[in-house]
Amino acid sequence: MKEIKKKTSEISVYNSENELEDNLFVLLQKAKNILSQSYSPYSKFRVGCALQLTDGTIITGTNQENIAYPSGLCAERVAIFSAGNSHPHTPPEIIAITAASEKGKVLHPPTSCGACLQVMDEYERRFGVELTIILSGESGEVYVAQGVKTFMPWRFDSDLVG
């Protein structure tokens with residue numbers, strides 16, 4: 001038997017969005033400002049995302065639900081796929097994700113689902129970058145992490161296919 005260890009990554013925890021560096025604060029505000037565009041009549045859980053590319057372009061996205069679950073799409077993938085379509089050669093740099101709910105106040109930063117993390121990972125690998133990932137609820141702590149590996153250290157990799 002052998003033991004495999006993966007290096008764990010760190011998450012920076014800020015007490016509030018006001019402690020963020022200006023560029024991260026602005027991007028998070030863009031994600032919060034589009035929450036009203038979410039189409040989430042079933043879950044009542046709105047997610048907003050703002051993706052900044054290395055050239056400064058900002059692409060936004062919101063979750064889009066469908067009664068024929070799982071035909072909807074998460075905010076992260078809406079923004080990333082839109083960027084991939086409209087700016088196919090420009091790497092992503094920073095992604096801000098926030099959420100709000102009609103069922104109660106979102107007090108903790110939500111993490112992205114596995115499918116979204118895998119898509120983010122694909123773009124990191126494609127462009128040879130590591131995303132800065134900002135996560136925020138409606139208020140309270142804000143998490144900032146470097147790279148998808150922080151949330152998904154055992155992500156799917158093409159090296160698995162021989």
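Bear in mind that the values in this text are calculations on the coordinates, not laboratory data. These figures come from a predicted structure and were not determined experimentally. For neighbour counting, all protein chains shown are included, and Cβ atoms are generated from backbone atoms with ideal geometry for every residue, glycine included.
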I'd like the distance separating the alpha-carbon centroids of region 66-131 and region 29-48, in whole Å. 13
Share of Cα-Cα pairs in the chain lying beyond 27 Å, as whole percent: 23
Relative contact order (%) - criterion: Cα under 8 Å, at least six apart; region: the chain: 25
State the antiparallel share, in %, of DSSP beta bridges confined to region 11-155, rounding to the nearest 5. 80
Using a Gaussian network model of the chain with C-alpha springs under 10 Å, which one of K103, K30, K44 is most mobile by mean-square fluctuation? K103
5 Å is the cut-off here: which amide hydrogens, built 1.01 Å from N in the peptide plane, fall below it relative to G72, excluding neighbours closer than 5 in sequence? N66
Most exposed first by the Cβ proxy, i.e. fewest other Cβ within 10 Å, how do L73, L107 rank? L107, L73
Output wanted: per-residue J couplings in Hz (rounded whole) for region 46-58, from phi through Karplus 6.51 cos²θ - 1.76 cosθ + 1.60, θ = phi - 60°, x for Gly and Pro. 8, 10, x, 9, 10, 10, 9, 8, 5, 8, x, 4, 10
Net charge (Lys, Arg +1; Asp, Glu -1) of residues whose beta-carbon lies under 12 Å from that of A100, A100 excluded, is +3
Using 0.36 nm per residue of separation minus the Cα-Cα distance, give me the extension gain between V26 and S12 in nm, one decimal. 3.3 nm
Run the simple label-point estimate for N66 and L107 please: 7 Å along Cα→C-beta, distance reported in nm. 3.6
